[in-house]
Every structure is written in structure tokens, then in C-alpha cells.
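Single-structure report; data block below.
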Amino acid sequence: MTLLAMDTGQAACSVALWRDGASIAHRYTPMPKGHAAALVPMIEDVLSEAGVGFSDLTRLAVTIGPGTFTGLRVGLATARGLALATGKPLTGVTTLEAIAWSVRDIAADQKAVIAAAFDARRNEAYLQTFDALGRPLCEPKLANLEACSSDIPDAGNPVICVGTG
């Protein structure tokens, strides 16, 4: 499977191309705004670097939130337009699922809960928890920083925290 993934939900713009479970090209640029101007050129760069065309793709993926309203709109509109133009299926992934994915192998080895979080400002964080296999234990939520530990299940398992929250 060859997957083109996009993330514009936070203060960065990211594009990655995956083939058979491994990243073969990617771009990441921190940016609080400007996703609309950066995303399509990043997609072109990633595809060109890998020598892949849209016809070679199996699927598209995009983050669906939580995150910045404008950034998410840019990513979703671009991904939807590409899906319609290419006829490729499109999958939505929460931003917190994308963050949690990076530690799922470690979590499985340790039978740990994953707590993925990123800063939502105003003393809050977006938070979502996952089991050791990366399956969501709850929906993404806006959690107060002083009380967010109560949102993490205590089943006697270790907890792996990931993200900026």
C-alpha cells in the first residue's frame, strides 16, 4: 500500500508518503499559519522525491482534528479535492491518533496506556487515550491541565505520554 498523509491541524504542516508501513519521503515545517500556501508544494516535493505519481497511490489520509480551525480546513479541503480528482479513498485520522501511533510498538511491549495530548492554550490540552494496541479508549477531549490526570485510566498499567500537552 502507498499512502499519502497530510497534517495541518497544529502549528506545523506535514506531509508523509508511506509504502508498506515505512516512510519513504516526508516534509515537516513548523508554521502557526500559512498552511494553504505550503501544503500543495510540500505534497509535490514528497511525491517527486519518492518518484511517485498520484496514480501510484493506494490511499490518502488527513488529520481531522482536534486542532486549529483554519489549518484543519486547509488540510481537509486539499485532501478531499485530491481524493475526488484521483478517485483514491480518503481516511480521516484524529490528530491525537497520529501522535499516539509513534509509540504504539513500545506501548504494546509494555502493555501500556498511551496518553496523547497537545497544547490547546488557556491552561488546557487536547487529550485522547489509547490501549496498548493503539485503539482509542475515549473520544478526543479538551482537558484542564490541573485535572487531566483524572482522564487517564488507572488500570495498574504504565502510561506513555506523547505530544506537547
**Prompt:** Which angle from 0 to 90°, rounded to the nearest 10, does the C-alpha axis of helix 35-50 make with the longest principal axis of the chain?
**Reply:** 70 degrees
**Message:** Positive end of the dipole of the chain, charges at C-beta (+1 Lys, Arg; -1 Asp, Glu), about the Cα centre: which of Val103, Ile43, His26 has its Cα farthest in that direction?
**Reply:** Ile43
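Using helices alone, what [θ] at 222 nm do you get for the chain, with -39,500 (n - 2.57) per DSSP H run of 4 or more residues, divided over all residues and rounded to the nearest 500?
Values: 4 runs with 48 residues, N = 165.
Calculated mean residue ellipticity at 222 nm is -9000 deg cm²/dmol.
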**Request:** Mind checking which of Pro140, Val162, Leu76 is farthest towards the positive end of the chain's charge dipole, using Cβ charges of +1 (Lys, Arg) and -1 (Asp, Glu) about the Cα centre?
**Result:** Leu76
**Prompt:** Over the chain, what relative contact order in percent results from Cα pairs under 8 Å that are six or more residues apart?
**Reply:** 18 percent
**Prompt:** Taking N as the number of residues in the chain, what value does Rg over Cα atoms divided by 2.2 N^0.38 Å take?
**Reply:** 1.07
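In the stretch 86-165, what GluC sites (Glu not before Pro) fall in a loop by DSSP, with at most 10 other Cβ atoms inside 10 Å? The partial results should precede the final answer.
Details: sites: Glu97, Glu124, Glu146; in loops: Glu146.
Here the GluC sites (Glu not before Pro) that fit, given the DSSP loop and packing criteria, are Glu146.
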**Asked** Taking K and R as +1 and D and E as -1, what net charge do the other residues with C-beta under 13 Å from the C-beta of Gly81 add up to?
**Response** +3
**Complete:** Carbon/sulfur accessible area of the stretch 1-139, % of total, 1.4 Å probe, equals 56 percent
**Complete:** Quick calc: nm separation of the 7 Å Cα→Cβ label points for Ala85 and Glu44 -> 1.0 nm
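Would you mind getting the accessible area per residue of the chain, heavy atoms of the protein chains only, 1.4 Å probe, in Å²?
Details: 8900 Å² over 165 residues.
The answer is 54 Å² per residue.
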**Fill in**
Distance in Å, no decimals, from the C-alpha centre of the stretch 68-133 to the one of the stretch 25-65 is 16 Å
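Which value, in debye to the nearest 20, describes the size of the charge dipole of the chain about its Cα centre when Lys and Arg Cβ atoms bear +1, Asp and Glu Cβ atoms bear -1, and nothing else is charged? Could the numbers behind the result be given before it?
Numbers: 13 positive and 16 negative charges, 85 e Å.
I would put it at about 400 debye.
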**Request:** Pick out, in residue order, every one of the trypsin sites (Lys or Arg not before Pro) in the stretch 96-127 that is DSSP loop and has at most 15 other C-beta atoms within 10 Å; say none if there are none.
**Result:** Lys111, Arg122
**Complete:** For Thr91, the accessible surface traced by a 1.4 Å probe with all protein chains present amounts, in square angstrom to the nearest 10, to 50 Å²
**Message:** Give me the percent relative contact order of the stretch 7-82, please, defined on Cα pairs under 8 angstrom at least 6 residues apart.
**Reply:** 37 percent
**Prompt:** Quick one: Kirkwood hydrodynamic radius for the stretch 65-156, alpha-carbon pairs, angstrom, one decimal?
**Reply:** 14.6 Å
**Prompt:** Assuming R0 = 35 Å, what is the FRET efficiency of Arg19 and Asp154, from their Cβ-Cβ distance, to the nearest 0.05?
**Reply:** 0.35
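The values are calculated or read from the model by the stated rules, or taken from the named source; none is laboratory data. Because the structure is predicted, anything quoted here is derived from the model rather than measured. Backbone-built Cβ (ideal geometry, glycine too); neighbour counts: all protein chains shown. Accessible surface areas use protein heavy atoms only, side chains included; no ligands, DNA or RNA. Shrake-Rupley method; radii C 1.70, N 1.55, O 1.52, S 1.80 Å.
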